[in-house]
């Protein structure tokens, strides 16, 4: 698998081009956490998903979200807090291995 990159430069091998800072385990862990997050997001109500996506991931303000949904900013905040609590509990179960 590790062979010279070219005939002109036999000292340079393919593995020499792979950055040593690449941590395969860290990348795998990141993918697993992302999968867990998506799974947990799917357990939220559609309204909670919409608020989390807009406010937490896209940077929309609670006031802007409230106008779009036709509800108060306080209601958006309440929806967001409940969604965060559900996500937190779900993610903790993933990390602790009690959820698959």
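At-a-glance table
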item	result
Extreme residue, farthest from the chain's Cα centre (by Cα), among residues of the stretch 73-91 that are more than 13 Å from residue 43 (Cα to Cα) and surrounded by fewer than 13 Cβ atoms within 10 Å (Cβ to Cβ)	74
Unmet requirement for residue 8, which otherwise passes all of (1) at pLDDT below 80; (2) part of a helix (DSSP H, G or I)	(2)
Counted residues, the stretch 33-47 - those being outside any helix (DSSP H, G or I) and in contact with a helix residue (DSSP H, G or I) (Cβ under 7 Å, 6 or more places away or on another chain)	2
Pairs with Cβ under 7 Å, 6+ apart, first in the stretch 31-45 and at negative phi and surrounded by 13 or more Cβ atoms within 10 Å (Cβ to Cβ), second in a helix (DSSP H, G or I) and at pLDDT below 90	36/94
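The values are calculated or read from the model by the stated rules, or taken from the named source; none is laboratory data. Please read these numbers as outputs of a predicted model, since none were measured by experiment. No Cβ is skipped: glycine too gets one built from the backbone with ideal geometry, and neighbour counts run over all protein chains shown.
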